[in-house]
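Visitor: Structure incoming, see below.
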Amino acid sequence: MSEHYRPRDSMTKPRIASGPRTFMRLPWVDDPLTAEGRVDVAVVGVPTDSAVSYRSGARFGPEAIRAASILLRDHNPATGVDITRALSMVDAGDAPVVPGYHELTLERLEEFLAPLYERGIVPLLLGGDHSLVMAEMRAMARHLGPVSVIHFDAHGDVLDDYYGVKHFHGTMFRRGVEEGVVDPHTSIQVGMRGSVHPDDVDSGKALGYEVIGWDELVDLTPEEFGRRVRERVGDRPVMLSFDIDFIDPAYAPGTGTPEVGGPTSYQTLRYLRALGPLNYRGLDIVEVAPPYDHADITSHAASVVAFELLGQVALRSGRTRAAETGEEH
Ligand code: MN
Ligand code: MN
């Protein structure tokens, strides 16, 4: 019988007294590959912001999200899912990064992540600026081939370059297509808005992505949105990438390139809950920049987004019904 990793019971030890700040008060398991118990999800911080174009500070995102996440409990009444019964989860600390050397960071992050995907562990990456998904896609594609991506963001991140540099936090979803690590024809981008460079209008669609901009999304019910995503992605291995600037800066101000006029945090949760039990293999939440946050609003938003995403992974596990009945299976 293998060990099942869960957070401490919040009714026997107060959440504020949980000790070192791991995500959701989960056990810290430095190397999930050699863990004694089964590991379904490994939370990994990626404290890097070497590839931002505007406000920096996302290197402090992982610790801020972890600090906010100690408030999370196990059960989600909106979906009926107890994620910690369904999933054995650990916090694996932070990935290796090289401050100021973005492409080296990508190389080391890819090497760090690849064995996790190969083992079938779902990494939940806490960013960090969005450029880290380049390493995520490369590492996943090694094992799974070109991956399908569900990309929540105010921006398409499909520019060709910044200042002549190819790897930036606004170029990854173009680079990924060029490198063949993402399949745009089974991928979807959601939430785009705001002013863009004239070269960038409809460039996501031109690359082959389905794009649901915020102006279109706001008129879809969550159920209609969920159906669109499932039709696009099917049962293929999928990576879900969530840039916190998808959410309106009134609800998530602590980020590098805010775009006003976006969804509330509640609308966001409704859209996430509508996704359904897809074949999730990788998750990330990026661009949380605590120096611009107020009252930890953004960190709490990010930790609750993570909670909802883990709930969708839990649905996929098929163990949620057993949790409701108390039976093991
Ligand atoms: Mn963005
Ligand atoms: Mn982004």
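The values are calculated or read from the model by the stated rules, or taken from the named source; none is laboratory data. Since we're looking at a predicted model, the values are computed, not measured. Note: ideal-geometry Cβ built from the backbone for every residue, glycine included; neighbour counts use all protein chains shown. In case anyone asks, the SASA skips ligands and DNA or RNA and just uses the protein heavy atoms, side chains included. Shrake-Rupley method; radii C 1.70, N 1.55, O 1.52, S 1.80 Å.
Visitor: Can you give the net charge of the other residues whose Cβ lies under 12 Å from the Cβ of Q312, counting K and R as +1 and D and E as -1? Don't skip to the answer; put the middle values down first.
Guide: Numbers: positive: R230, R273, R316; negative: E308.
Once all neighbours under 12 Å are counted, the net charge is +2.
Visitor: Looking at the calculated P(r) for region 15-325, what percent of the C-alpha pair distances fall above 30 Å?
Guide: Above the 30 Å cut-off, region 15-325 has 23 percent of its Cα pairs.
Visitor: Same structure again: Near R73, within a Cβ-to-Cβ distance under 14 Å, what is the net charge of the other residues, with Lys and Arg +1 and Asp and Glu -1? All intermediate terms of the calculation are to be shown ahead of the outcome.
Guide: On the way: positive: R6, R8, K13, R15, R25, R85; negative: D9, D74, D82, E308.
After counting each charged neighbour, the total is +2.
Visitor: Can you order the peptides 207-215, 73-81 by their average number of other Cβ atoms within 10 Å per residue, highest first?
Guide: 207-215, 73-81
Visitor: Going by amide H atoms built from the backbone, whose H comes under 5 Å of the H on I247, apart from near neighbours?
Guide: Close amide H contacts, sequence-distant or interchain: none at all.
Visitor: Assign unit charges at the C-beta atoms only (+1 for Lys and Arg, -1 for Asp and Glu), then state the dipole size of the chain relative to its Cα centre in Debye, rounded to the nearest 20. Walk me through the numbers before you get to the answer.
Guide: On the way: 32 positive and 49 negative charges, 192 e Å.
Charge dipole, the chain, about its Cα centre: 920 debye, nearest 20.
Visitor: Over the chain, what relative contact order in percent results from Cα pairs under 8 Å that are six or more residues apart?
Guide: Values: 750 pairs, mean separation 67.0, N = 329.
Worked out over the chain, it gives 20 percent.
Visitor: For Y271, Y163, what's the largest-to-smallest order of accessible area, 1.4 Å probe?
Guide: Ranked from most to least accessible, the order is Y163, Y271.
Visitor: Something else: Around V260, under 14 Å between beta carbons, what's the net of Lys plus Arg minus Asp minus Glu among the other residues? Don't skip to the end; give the middle numbers.
Guide: On the way: positive: R193; negative: D215, D245, D248, E259.
Every neighbour counted, the sum reads -3.
Visitor: Quick one: dipole size for region 1-105, taken about the Cα centre, charges +1 on Lys/Arg Cβ and -1 on Asp/Glu Cβ, in debye to the nearest 20.
Guide: It comes to approximately 480 debye.
Visitor: Work out, step by step, the length gained on full extension between S18 and E179: first 0.36 nm times the residue separation, then minus their alpha carbon distance; give nm to one decimal.
Guide: 53.7 nm
Visitor: Follow-up question, since we're still on this one. Could you work out the relative contact order of region 172-287? I mean the mean sequence separation of Cα pairs under 8 Å and 6+ apart, divided by the number of residues, in percent.
Guide: Here the relative contact order equals 27 percent.
Visitor: Considering only DSSP beta bridges whose two residues both sit in the chain, what percent are antiparallel, to the nearest 5?
Guide: Taking every DSSP beta bridge within the chain, about 10 percent pair in antiparallel fashion.
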